[in-house]
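Reading through the structure tokens given below for one structure.
Just so you know, all these numbers are worked out from the coordinates, no wet-lab data involved. From a predicted model like this one, the values you see are computed outputs, not experimental measurements. Neighbour counts are summed over all protein chains in view; Cβ atoms, including those assigned to glycine, are modelled from backbone coordinates with ideal geometry.
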Amino acid sequence: MATCWPPRDSTRTTFESILYRRVPPDLPVREAPAPAHFGDLNIDQIVAAVTAGRDEYDLKPLFCRPLGDLAEIRYRQQIMQDVERPELFERIVGFADKMRDMRGQLRAAEQAHYRWHKNGLLLGAAVIYCAAVHRLSADLAQAEPRSRGFKAFQTWLTGYVGSVAFMALDADTECLKVALDAVRYNLVLHGLAITVRKYQDEIDYSAEIESTFVKFRQGDVKDYLVKFSEYPEMGHVEAQIGELVAKLYPQLFSFYEGYCDRYHDFVEPVIHNFDREVQFYLSYLQYVGRLKSRALQFCYPTVVRDTKAVHGDGVFDLALAAKLAAEGGTVVPNDFRLEGGERVVVVSGPNQGGKTTFARTFGQLHYFASLGCPVPGSKAQLFLCDQILAHFEREEDIATPHGKLQDDLLRIRAVLEQATSDSLLVINEIFSSTALEDAMFLATEVMQRVLALGCLCICVTFLDELAGLDRSVVSMVSTVDLEDPALRTFKLIRRPADGRAYAMAIAEKYRLTYRSLKARLVS
């Protein structure tokens with residue numbers, strides 16, 4: 001009667017994903033396109049930094065698919081908090097390292113040319129795998145995970161370790177490894193001929209020689225040992241020797257071949273999937289950890305859908321914070337709050353005062369909250385929007401048949417056509433290329449559409465009048481140093497727009513006023 005692998009075990013519990021409470025039916029395994037706003041909000045830079053050095057896991061698609069369900073977000077947040085605990089974090093990292101070693105062996109096996117070399121690498125990979133699974137099961141039992149997701153995975157893993165399939169793999173692997181380790185043989189050289197025969201208790205002269213000369217060693221000496229590559233290729237002579245050894249132990253090597261045929265695809269898909277998905281948590285937490293070491297705060301936001309009253313305390317731009325941390329700079333956090341019927345934040349104030357950075361921060365917070373990740377800040381409540389739409393100023397492209405203003409109009413129309421009442425709009429410096437009167441007319445029309453939608457919106461503008469369009473609009477202003485208006489504090493506060501750009505202070509600082517220029521030209 002034909003047998004199959006793996007053996008069926010009806011007692012095992014099911015588990016699908018450490019990333020999803022319920023795996024979406026349309027979830028792409030690979031190749032998820034980045035949302036259109038990634039570049040404008042610098043989220044592309046953040047994701048690139050988070051996933052750096054982890055190409056083998058193909059993590060970027062996991063960061064390109066926000067969650068649309070509050071229960072799914074809470075599922076991830078709880079798991080993230082579990083992984084964040086040092087006693088679990090280090091154990092998961094250790095498991096991932098072992099799985100990486102296993103994959104290295106399997107890749108080498110695929111590239112090997114000779115039968116017994118290929119089989120040896122496969123066996124070595126299975127040894128690593130079985131040990132890693134046993135270790136992970138014991139580690140989870142000791143760490144006592146608290147999240148629903150990790151508890152479910154632990155229950156499944158316990159069942160898997162005790163399953164018929166895994167116990168057979170584990171027992172056969174151990175049995176074969178012990179048997180092969182016990183194999184001894186001699187090589188007898190006759191000119192260019194080699195005879196292989198079983199070991200018959202001959203003296204091991206290499207050990208004798210080493211023991212004799214060890215007493216003459218004085219201090220450290222140069223190491224003349226040859227350094228082999230991690231997975232050296234077997235030569236044709238070694239391959240022939242291997243074939244001859246197999247003939248000396250036909251029963252053992254027959255079992256060996258059957259083992260490799262039976263277990264050629266021994267990695268359980270759930271373990272494979274877990275190994276990849278858990279990197280989502282590890283990679284983000286390691287990125288966040290580098291910023292936490294700079295005394296920057298992160299929190300797990302309350303994500304809501306029944307209210308658009310959002311707030312954030314001590315928030316900051318993740319991409320900018322990483323850049324400043326690398327350069328030894330200082331990150332300036334900010335606060336925001338929308339209450340009741342407030343929906344739109346209009347940000348104004350002097351140039352280079354942190355307005356665009358604040359708008360990016362607002363978008364980043366909502367995006368990473370929708371992934372179930374901790375966000376920068378000491379406390380936050382954020383809205384689960386259906387999409388984030390961004391409109392940032394673009395340089396004029398001479399290759400296009402229309403001008404910059406028309407391009408702005410076409411792009412903002414596309415944004416408004418896609419937006420719903422549950423969307424988040426991030427608008428930066430709209431219509432700055434046209435005359436003030438025209439810009440005010442067009443921007444007012446756009447904001448009226450936004451207000452009619454009732455969606456969340458943050459708008460950076462030089463048009464202070466937009467802040468007074470409606471009671472649902474909140475004005476925030478970037479501030480300057482009171483003693484030296486040319487210095488930006490990068491702090492934004494909630495107050496009415498005052499129309500002050502402090503351009504004269506900058507001109508005076510760099511001696512670019514009319515009087516300064518005239519004096520310099522005369523001299």
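Laid out as a table, the results:
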quantity	calculated
Neighbour net charge for H236 - beta-carbon separation under 13 angstrom, K R +1, D E -1	-2
Packing-based exposure ordering (other Cβ within 10 Å, fewest first) of Y185, Y129, Y75, Y20	Y185, Y20, Y75, Y129
Residue-span extension gain [Q251 to E238] - 0.36 nm each, minus C-alpha spacing	2.6 nm
Added length on full extension, which subtracts the Cα-Cα distance from 0.36 nm per residue, D438 to R148	98.8 nm
Length gained when the stretch T195-D97 is fully extended (0.36 nm per residue, less Cα-Cα span)	31.2 nm
Candidate lysines for bridging to K198, where Cα separation is under 21 Å - those fewer than 8 sequence places away on the same chain excluded	K177, K247
Long pairs among K151/K308; K60/K355; K151/K292; K355/K379, criterion Cα-Cα beyond 31 Å	K151/K308
Principal semi-axes in Å for region 297-522 [√(5λ), Cα gyration tensor, largest first]	30, 24, 17
All lysines inside 18 Å of K222 as judged from Cα atoms, apart from same-chain residues fewer than 8 positions distant	none
Of (1) 42, 31, 25; (2) 35, 33, 23; (3) 63, 29, 21, the label for semi-axes √(5λ) of the Cα gyration tensor in Å derived from the coordinates	(3)
Fewest-first ranking of V23, V214, V47, using other Cβ atoms within 10 Å as the exposure measure	V214, V23, V47
T212 versus D470: modelled label distance in nm, points set 7 Å from Cα along the beta carbon direction	9.6 nm
Kyte-Doolittle at least 0.0, axis length at least 24 Å by Cα - qualifying DSSP helices, the chain	115-143, 164-181, 436-453
